[in-house]
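Trainee: Sharing a structure with you now.
The values are calculated or read from the model by the stated rules, or taken from the named source; none is laboratory data. All values derive from a computational prediction rather than experimental measurement. A quick note on method: Cβ atoms are made from the backbone with ideal geometry, for glycine too, and the neighbour counts reach across all protein chains shown.
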């Protein structure tokens, strides 16, 4: 039904109208992982990922409509950003960027630079995605893994706990290890390298030498809104020391980047740091700080080569219809 609606708006010229109305808007796009087609299996951990062929198609499509830049605020342009800094950014996404002459931002947690170990959240996603079917007990609660819905239910339970405590985030991998060892998960070596190992120092240097921008993405990707004032200040202070050595931009990207994970105190701490601006992972930025350069909006595209879905999002038609439906149902 939704796709049919977007086909209609495309052929009726409504999309063209919205492109005109939004002609001064800059599109800042968020990507995380770009995975080789042969490895892309739609597992739970690939929820914010796309295949190599899909990424190639999207960049080619974007190039027909926008001028690619790396300076925030340029009217009618497009900025490409990547979060987390895994190997696939360099090995799989970079060749497409090179082909189309696109410079991008790569935001990498400081502790992950040259460290192959996955982020706590991705290590947990790997476990939930690949742990064999069966019954498991975590935090005195029983979970039965029998298919994709049950894996998603377990991940939701984990995420709700993670939102409450940084200690839970830090201890999560160890808790999962005690239930079923990570070494016994059926993850192929190629997927492990592309999806779960970070870029090394040489790869990051190569990106910077080619003209890309490598920026901070927190110290170790904890949910910043769960940190106390002292830990939050320490996180930003340590990341700022990487500017000029590890990082070649003062632009920052909040881990996760939604309003649940980026509270007003987090934004205030970033404002008081050495960073010049910061990206959310929300199309609206932050409702309480709508015009702040430290709460800049980003949008993501569906993992799709459907031009009607992509065009509806890029033109602003999708956001308009979503807002209209919300007002009608209120």
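Trainee: Looking at 23, 16, which one is part of a helix (DSSP H, G or I) and surrounded by fewer than 16 Cβ atoms within 10 Å (Cβ to Cβ)?
Mentor: None of the other options fit; the residue is 16.
Trainee: Condition check: at pLDDT 95 or above and in contact with a strand residue (DSSP E or B) (Cβ under 8 Å, 6 or more places away or on another chain). Does residue 249 satisfy that?
Mentor: yes
Trainee: Please tell me if residue 215 is out of contact with any helix residue (DSSP H, G or I) (no Cβ under 8 Å at 6 or more places or on another chain), in a strand (DSSP E or B), assigned by TED's automatic domain parsing to the domain that holds residue 68 and at pLDDT 95 or above.
Mentor: yes
Trainee: Next up: Having 1 or more residues that are under 23 Å from residue 254 (Cα atoms), under 19 Å from the mean Cα position of the chain (by Cα) and modelled with pLDDT of 95 or more is the bar; report the strands (runs of 3 or more DSSP E) wholly within region 90-162 that clear it.
Mentor: Those strands (runs of 3 or more DSSP E) span 105-108.
Trainee: Considering each of 84, 111, 98 in turn, give the residue that is surrounded by 17 or more Cβ atoms within 10 Å (Cβ to Cβ) and touching a residue at least 60 places away in the same chain (Cβ under 8 Å).
Mentor: That would be 84, the only listed residue that is surrounded by 17 or more Cβ atoms within 10 Å (Cβ to Cβ) and touching a residue at least 60 places away in the same chain (Cβ under 8 Å).
Trainee: In this structure, is residue 9 farther than 21 Å from residue 254 by Cβ, in contact with a helix residue (DSSP H, G or I) (Cβ under 7 Å, 6 or more places away or on another chain), in contact (Cβ under 8 Å) with a residue 24 or more places away in the chain and not in a strand (DSSP E or B)?
Mentor: yes
Trainee: Specify which of the listed residues (313, 298) is touching a strand residue (DSSP E or B) at 6+ places or on another chain (Cβ under 6 Å), surrounded by 18 or more Cβ atoms within 10 Å (Cβ to Cβ) and within 22 Å of residue 64 (Cα to Cα).
Mentor: 298
Trainee: Residues in region 120-130: is at least one buried (at least 21 other Cβ atoms within 10 Å of the Cβ) and in contact with a strand residue (DSSP E or B) (Cβ under 6 Å, 6 or more places away or on another chain)?
Mentor: no
Trainee: Inside region 131-188, can you point out the residues that are in contact with a helix residue (DSSP H, G or I) (Cβ under 6 Å, 6 or more places away or on another chain) and surrounded by fewer than 10 Cβ atoms within 10 Å (Cβ to Cβ)?
Mentor: 186
Trainee: Determine, yes or no, whether residue 322 is more than 23 Å from residue 23 (Cβ to Cβ), modelled with pLDDT under 95 and out of contact with any helix residue (DSSP H, G or I) (no Cβ under 9 Å at 6 or more places or on another chain).
Mentor: It is false that residue 322 is more than 23 Å from residue 23 (Cβ to Cβ), modelled with pLDDT under 95 and out of contact with any helix residue (DSSP H, G or I) (no Cβ under 9 Å at 6 or more places or on another chain).
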